[in-house]
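S.K.: This structure is in structure tokens; I'll ask about it shortly.
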Amino acid sequence: MVMMVMMKDDKFLTGLLSRCVEQQMIEIISSGVLSPGEGCSPKVCIVGSGPAGFYTAQQLIKARQDVEVDIYERLPVPFGLVRFGVAPDHPEVKNVINTFTQTARQSRCSFYGNVDVGTDVSVEELRQAYHAVVLSYGAEGNRTMGVPGEDLAGVHAAKDFVGWYNGLPSCRQLRPDLSSETAVILGQGNVALDVARVLLSPLDILKMTDITQPALEALAESQVRRVLIVGRRGPVQVACTVKEVREMVNLPNARPEMVGADFEGVAEALKDLPRPRKRLTELMLKTALEVPGEKEQQRRSEASHAWGFRFFRSPVEILADPERSRTAGIRLAVNRLEGSGEGARAVLTGEVEDVTCGLVISSIGYKSLPIDPSLPFDSRKAIVLNNMGRVQRAAGLYCSGWLKTGPTGVIATTMNNSFDTARSLVEDMDLGTLDVSVVKPGSQSVAALLEKRGVKPVTFSDWEKIDRVELSRGEAVGKPREKLLTVEEMLQVARS
Ligand code: FAD
Ligand code: NAP
């Protein structure tokens, strides 16, 4: 792997690069691989093959009959968080893969997996090779709590825990210790609820999903019986949605354990809430305060597992065991709310409370990272600075998905913001603000650079080989898919 070092505004280096790409272009044309006329179609490359990458490609191909789109992806497998984020027990969400596959199979779309942009090829080199570059590489980092003890064994970012049960190669070694009775999840978004559900779901349910075999084996041995989902604000401010809370309420063999006092004044606030938030709050209120019918009471009393929201609590410190080798608990600050509704702020009361637990999962949000020092990156918001998807001060550079908006929104939200970026790009081509009259070499010059650097991309049909192997391994054990867990194994199958 070749590490690219680009200095911001380094005109000399940019000029040199430009001449290199031009030279390659001349070589490609004179070698007869590319005739001069062939280079005329607008060439766009997309970095990242998650929903943002594929929806941007889909819209570009639909809007212009001449555009050619190449998608570069770091991993040998496509689909980003649809493969590595979406919970294994939500298979219906993964149906979007069918639409992405249709896009990838179009003659004007190519997939190049196993290419890490920023390492194997720089953004600047892509900009030289293509008329436009769309950055859609998502949010691969995570927010940190910034409290003492965060690095102790037994504390994990939800991003890594999710990556572990979903087979993300970089999380294979996580091996979380599930030997304690109580787990605390910080944050009350849908990722927190995914994690809670996976920790508490009966094995019979999980083993019919595409969860990885090592995760299934670890969960089979898990001693976790109680999961607390902790939020710094109140019931009216939770970030999760009603469907996910209902799944928790209906979880077999698990009873809800709420603190009634947390819901003081919530019933009175219902009338002013917008409809989706109202339904969600009603469900939480009912779960916390209503005495259930006989059958439900029976079910709850027999349940061996429990879960509950804990409100008005912020992490202060992760407590260590006497050997200081791993987590033994968490100290939480007790908050009160200032203001009302979704914008209410958590304010410390000065009181603290300790909870004994052996597993802490921090689910307070993902975070995009700058992959190239030349990008105008807003470190506070962790997004690429953009206007309607046009990266600021960088002609021909665009962004879509979580990198554009920050790490919130479901796939449909990502689809809409990616369509918007594609529309901005097409508008720029149509109006001539983006010059597509000059011939650009596209993937041919990038292929030459990658070859020189010893990087061998994985094509979409290579991925389809991996797909077939995973599906047949899954079939053999009664699962929809058994994922390959290492990049090496993926490459081996792709090249078989
Ligand atoms: P991503 O999906 O992250 O795609 C980014 C892609 O870029 C990845 O393939 C990555 O490998 C690639 N990449 C990164 N760096 C580089 C690089 N340097 N070079 C080349 N490629 C690179 N939404 C729903 O609607 N339903 C759900 O059930 C749901 N569940 C979710 C569960 C979790 C745990 C999370 C975190 C999100 C979930 N979402 C769900 C939200 C949904 O996943 C996002 O809206 C969507 O994936 C964002 O798309 P994206 O393309 O911006 O990012
Ligand atoms: P999220 O929805 O933004 O939730 C983040 C949670 O972390 C919030 O409860 C937030 O509380 C809390 N938080 C943030 N910073 C904190 C801090 N410093 N200290 C304490 N708490 C903090 O993020 P997410 O759960 O990672 O989900 C990301 C997106 O993916 C969301 O849009 C989600 O809906 C989507 N997703 C969807 C599904 C699904 O459809 N099933 C599944 C998973 C994810 P505050 O509100 O107080 O900031």
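The values are calculated or read from the model by the stated rules, or taken from the named source; none is laboratory data. For clarity, every value in this text was computed on a predicted model and none was experimentally measured. Glycine also receives a Cβ, built like all others from the backbone with ideal geometry; neighbour counts cover every protein chain displayed.
S.K.: Name the pairs whose Cβ atoms lie under 7 Å apart, with the first residue in region 377-398 and part of a strand (DSSP E or B), the second small (Gly, Ala, Ser), and 6 or more positions between them or separate chains?
M.R.: Correct list of pairs: Ile383/Ser368; Ile383/Gly406; Arg390/Ser424; Tyr398/Ala132; Tyr398/Gly389; Tyr398/Ser424.
S.K.: Assuming Thr144 fulfils every condition listed in (1) more than 9 Å from ligand 1 (Cβ to nearest atom); (2) part of a loop (DSSP other than H, G, I, E, B); (3) touching a helix residue (DSSP H, G or I) at 6+ places or on another chain (Cβ under 8 Å); (4) of a type outside the set (Phe, Trp, Tyr) apart from one, which condition is it?
M.R.: Going through (1) more than 9 Å from ligand 1 (Cβ to nearest atom); (2) part of a loop (DSSP other than H, G, I, E, B); (3) touching a helix residue (DSSP H, G or I) at 6+ places or on another chain (Cβ under 8 Å); (4) of a type outside the set (Phe, Trp, Tyr) one by one, Thr144 breaks only (3).
S.K.: Scanning region 357-376 for residues that are among the small types (Gly, Ala, Ser) and part of a loop (DSSP other than H, G, I, E, B), which turns out surrounded by the most Cβ atoms within 10 Å (Cβ to Cβ)?
M.R.: Kept after step one, since they are among the small types (Gly, Ala, Ser), are these residues of region 357-376: 358, 362-363, 365, 368, 374.
Adding the requirement that they be part of a loop (DSSP other than H, G, I, E, B) leaves 358, 363, 365, 368, 374.
Working: Gly358: 21, Ser363: 28, Gly365: 21, Ser368: 26, Ser374: 21.
By that ranking, first place goes to Ser363.
S.K.: Note down all Cβ pairs under 7 Å where the first residue falls in region 252-267 and is under 21 Å from His305 (Cβ atoms), the second is exposed (fewer than 12 other Cβ atoms within 10 Å of the Cβ) and at pLDDT 95 or above, and they're at least six residues apart or on different chains.
M.R.: Final answer for the pair search is Asn253/Ser304.
S.K.: When region 87-136 is examined, which residues are found to be more than 22 Å from Leu60 (Cβ to Cβ), away from ligand 2 (no atom under 16 Å from the Cβ) and not acidic (Asp, Glu)?
M.R.: Asn114, Gly118, Thr119, Ser122 - these are the residues of region 87-136 that are more than 22 Å from Leu60 (Cβ to Cβ), away from ligand 2 (no atom under 16 Å from the Cβ) and not acidic (Asp, Glu).
S.K.: Are any residues in region 258-286 within 28 Å of the chain's Cα centre (by Cα) and either at positive phi or aliphatic (A, V, I, L, M) (or both), and if so, which ones? Spell out how you get there, then give the answer.
M.R.: Residues of region 258-286 within 28 Å of the chain's Cα centre (by Cα): 274-281, 283-284.
Residues satisfying the conditions are Leu280, Leu283, Met284.
S.K.: If you check Val198, Val191, Val184, which single one turns out to be within 11 Å of ligand 2 (Cβ to nearest atom), modelled with pLDDT of 95 or more, under 24 Å from the mean Cα position of the chain (by Cα) and over 23 Å from Pro292 (Cα atoms)?
M.R.: Val191
S.K.: Output the residues belonging to region 348-369 that are within 16 Å of ligand 2 (Cβ to nearest atom), in contact (Cβ under 8 Å) with a residue 40 or more places away in the chain and of a type in the set (S, T, N, Q).
M.R.: Of everything in region 348-369, those that are within 16 Å of ligand 2 (Cβ to nearest atom), in contact (Cβ under 8 Å) with a residue 40 or more places away in the chain and of a type in the set (S, T, N, Q) turn out to be Ser362, Ser363, Ser368.
S.K.: One residue is enough: does region 173-196 have a residue meeting the conditions within 15 Å of ligand 1 (Cβ to nearest atom), of a type in the set (S, T, N, Q) and closer than 26 Å to Ile71 by Cβ?
M.R.: No, region 173-196 has no match at all.
S.K.: Does region 36-52 hold any residues that are near ligand 1 (Cβ under 10 Å from one of its atoms) and over 14 Å from the mean Cα position of the chain (by Cα), and which are they? Give the steps one after another, and end with the answer.
M.R.: Residues of region 36-52 that are near ligand 1 (Cβ under 10 Å from one of its atoms), as a first pass: 46-52.
Hits for region 36-52 are Ile46, Val47.
S.K.: Okay, moving on. Considering only region 216-226, I want to know if a residue exists there that is crowded, with 23+ Cβ neighbours inside 10 Å, over 20 Å from Pro91 (Cβ atoms) and touching a strand residue (DSSP E or B) at 6+ places or on another chain (Cβ under 8 Å).
M.R.: Within region 216-226 (the criterion being crowded, with 23+ Cβ neighbours inside 10 Å, over 20 Å from Pro91 (Cβ atoms) and touching a strand residue (DSSP E or B) at 6+ places or on another chain (Cβ under 8 Å)), the answer is no, since none of the residues qualifies.
S.K.: What tally of residues in region 53-70 results from selecting those that are near ligand 1 (Cβ under 9 Å from one of its atoms) and closer than 18 Å to Asn114 by Cα?
M.R.: Selection size over region 53-70: 2.
S.K.: With region 31-132 as the region, which strands (runs of 3 or more DSSP E) entirely inside it contain at least 3 residues that are more than 28 Å from Tyr165 (Cα to Cα) and touching a residue at least 60 places away in the same chain (Cβ under 8 Å)?
M.R.: Here the list reads 43-47.
S.K.: For region 221-244, give me each residue that is within 11 Å of ligand 2 (Cβ to nearest atom) and within 22 Å of Val360 (Cβ to Cβ).
M.R.: Within region 221-244, Ile229, Val230, Gly231, Arg232, Arg233, Gly234, Gln237, Val238, Ala239, Cys240, Glu244 meet the criteria.
S.K.: Does region 332-347 include one or more residues that are closer than 30 Å to Asp262 by Cβ, buried (at least 18 other Cβ atoms within 10 Å of the Cβ) and free of Cβ contacts under 8 Å to residues at least 24 places away in the same chain?
M.R.: Yes: one or more hits.
S.K.: Filter region 147-184 down to the residues that are farther than 17 Å from Ala328 by Cβ, among the hydrophobic types (A, V, I, L, M, F, W, C) and in contact with a helix residue (DSSP H, G or I) (Cβ under 8 Å, 6 or more places away or on another chain) and list them by number.
M.R.: Hits for region 147-184 are Ala158, Phe161, Val162, Trp164, Leu168, Cys171, Leu174.
S.K.: I'd like the residue in region 153-164 that is of a type outside the set (Lys, Arg) and within 30 Å of Arg277 (Cα to Cα) and, out of all such residues, is nearest to ligand 1 (Cβ to nearest atom).
M.R.: Val162
S.K.: Being within 18 Å of Leu375 (Cβ to Cβ) and either in a helix (DSSP H, G or I) or not aliphatic (A, V, I, L, M) (or both), is that true of even one residue in region 425-440?
M.R.: Our first condition is that a residue be within 18 Å of Leu375 (Cβ to Cβ); within region 425-440, this holds for 425.
Adding the requirement that they be either in a helix (DSSP H, G or I) or not aliphatic (A, V, I, L, M) (or both) leaves 425.
Yes; the residues of region 425-440 include at least one that is within 18 Å of Leu375 (Cβ to Cβ) and either in a helix (DSSP H, G or I) or not aliphatic (A, V, I, L, M) (or both).
S.K.: In the set Val439, Val469, which member is over 20 Å from Phe111 (Cβ atoms), among the β-branched types (Val, Ile, Thr) and in contact (Cβ under 8 Å) with a residue 12 or more places away in the chain? Quick ask: steps written out before the conclusion?
M.R.: Working: Val469 fails: over 20 Å from Phe111 (Cβ atoms).
Selected residue: Val439, the only one of Val439, Val469 that is over 20 Å from Phe111 (Cβ atoms), among the β-branched types (Val, Ile, Thr) and in contact (Cβ under 8 Å) with a residue 12 or more places away in the chain.
S.K.: Just for region 297-325: of the residues that are among the charged types (D, E, K, R) and at pLDDT below 95, which one is nearest to the chain's Cα centre (by Cα)? Explain how you work it out, then say what you get.
M.R.: Filtering region 297-325 down to residues among the charged types (D, E, K, R) leaves 299-300, 302, 310, 313, 317, 321, 323-324.
Pick out the ones that are also at pLDDT below 95 and you get 323-324.
Details: Glu323: 35, Arg324: 32 Å.
Going through the qualifying residues, I end up with Arg324.
S.K.: State all residues of region 366-380 that are touching a strand residue (DSSP E or B) at 6+ places or on another chain (Cβ under 7 Å) and within 13 Å of ligand 1 (Cβ to nearest atom); if no residue qualifies, say none.
M.R.: Result: Tyr366, Lys367, Ser368, Leu369, Pro370, Ile371, Leu375.
S.K.: Please go through region 474-496 and give me each residue that is within 15 Å of Thr209 (Cα to Cα) and in a helix (DSSP H, G or I), ordered by number.
M.R.: Gly474, Glu475, Ala476
S.K.: Sort out which residues of region 170-185 are charged (D, E, K, R), surrounded by 13 or more Cβ atoms within 10 Å (Cβ to Cβ) and in contact with a Phe, Trp or Tyr (Cβ under 9 Å, 6 or more places away or on another chain), and write them in order of number.
M.R.: The one that is charged (D, E, K, R), surrounded by 13 or more Cβ atoms within 10 Å (Cβ to Cβ) and in contact with a Phe, Trp or Tyr (Cβ under 9 Å, 6 or more places away or on another chain): Arg172.
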